[in-house]
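The values are calculated or read from the model by the stated rules, or taken from the named source; none is laboratory data. Treat the numbers as computed from the prediction; the structure is a model and nothing was measured. Cβ placement follows ideal geometry from the backbone for every residue including glycine, while neighbour counts extend to all protein chains displayed.
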Amino acid sequence: MIYGYHLIICLFLIIFQTTLLVGGGPAHLYDLLAPFVVYLGVYRLPREAVPVLVLGGLAMDGISGGVFGVHLTAYLWLYVGVRWAIQFLHVGNVILLPLLVTAGVAFESLVVAFSAVVLASAAWPVEFMFSVVSRQVLWGAVTGPFLMLFFIRGQKSVDRARKSFFAEKDPLRTS
């Protein structure tokens, strides 16, 4: 059930990002899977998170039209970095979690931007790349914590539904 929840959220974020947030300008935020990868790194074990990351990374690589493997690699390295960082950070801290989300968005945006710069046929001005990445990091800092709260509350709802579904229905029955 947990895999289903994570895959539904992952596919919803991919579809939402690729259909409603396409184009440039202020509507183009950042990769919405970056806060989801941070959430998986903080709250989920590798056996639960890695299959979802691989499928989500492959889907984003296939849909993005960029270099194949960039998103998958960025997600896996981001997950490993978050798992490493939570050894030293208090996860429940109200200040550190948004900072971790912002750092994750910055990392993912930089990886994608540098891959685009390296493979571009013409030279990109650094000022253009800096403005795009800084705008994405700003949007990630503003909206990322809200997405994290959405993921956490959704996880709690799924856990409650799972417990109530598998709970004993007959109170008189003894084991």
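Phe151 - would you say it is at pLDDT 90 or above, under 21 Å from Met60 (Cα atoms) and not hydroxyl-bearing (Ser, Thr, Tyr)? Don't jump to the end; show me each part of the working.
Values: at pLDDT 90 or above: yes; under 21 Å from Met60 (Cα atoms): yes; not hydroxyl-bearing (Ser, Thr, Tyr): yes.
Taking the combined requirement at face value, the residue satisfies it.
Out of all the residues in segment 16-30, is one or more in contact with a Gly (Cβ under 7 Å, 6 or more places away or on another chain) and either touching a residue at least 60 places away in the same chain (Cβ under 8 Å) or surrounded by fewer than 20 Cβ atoms within 10 Å (Cβ to Cβ) (or both)? Even if it seems obvious, please write down each step before you answer.
Step one: list which residues in segment 16-30 are in contact with a Gly (Cβ under 7 Å, 6 or more places away or on another chain), which gives 30.
In the following step, the residues that additionally are either touching a residue at least 60 places away in the same chain (Cβ under 8 Å) or surrounded by fewer than 20 Cβ atoms within 10 Å (Cβ to Cβ) (or both) were identified as 30.
Scanning segment 16-30 turns up at least one residue that is in contact with a Gly (Cβ under 7 Å, 6 or more places away or on another chain) and either touching a residue at least 60 places away in the same chain (Cβ under 8 Å) or surrounded by fewer than 20 Cβ atoms within 10 Å (Cβ to Cβ) (or both).
Residue by residue, here is whether (1) at pLDDT below 90; (2) closer than 16 Å to Leu33 by Cα holds:
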position: His90; (1), (2): yes, no
position: Val94; (1), (2): yes, no
position: Ala103; (1), (2): no, yes
position: Ala106; (1), (2): no, yes
position: Ser109; (1), (2): yes, yes
position: Val118; (1), (2): yes, no
position: Ser121; (1), (2): yes, no
position: Val126; (1), (2): yes, no
position: Gln136; (1), (2): yes, yes
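Among the residues of segment 91-123, how many are in contact with an Asp or Glu (Cβ under 8 Å, 6 or more places away or on another chain) and β-branched (Val, Ile, Thr)?
Final tally of qualifying residues: 2.
Go through segment 75-93 and give me each residue that's outside any loop (DSSP other than H, G, I, E, B), surrounded by fewer than 16 Cβ atoms within 10 Å (Cβ to Cβ) and of a type in the set (Val, Ile, Thr).
Val80
Of everything in segment 74-84, what is more than 13 Å from Leu33 (Cα to Cα) and within 16 Å of the chain's Cα centre (by Cα)? Give them in sequence order. Spell out the reasoning first.
Quick first cut of segment 74-84, residues more than 13 Å from Leu33 (Cα to Cα) only: 77, 80-84.
Trp77, Val80, Gly81, Val82, Arg83 - these are the residues of segment 74-84 that are more than 13 Å from Leu33 (Cα to Cα) and within 16 Å of the chain's Cα centre (by Cα).
Could you list, in sequence order, all residues of segment 65-74 that are farther than 15 Å from Ala103 by Cα, modelled with pLDDT of 85 or more and surrounded by 14 or more Cβ atoms within 10 Å (Cβ to Cβ)? Spell out the reasoning first.
Let us first name the residues in segment 65-74 that are farther than 15 Å from Ala103 by Cα, namely 65-73.
If we keep only those that are modelled with pLDDT of 85 or more as well, we get 68-73.
Of everything in segment 65-74, those that are farther than 15 Å from Ala103 by Cα, modelled with pLDDT of 85 or more and surrounded by 14 or more Cβ atoms within 10 Å (Cβ to Cβ) turn out to be Val70, His71, Leu72, Thr73.
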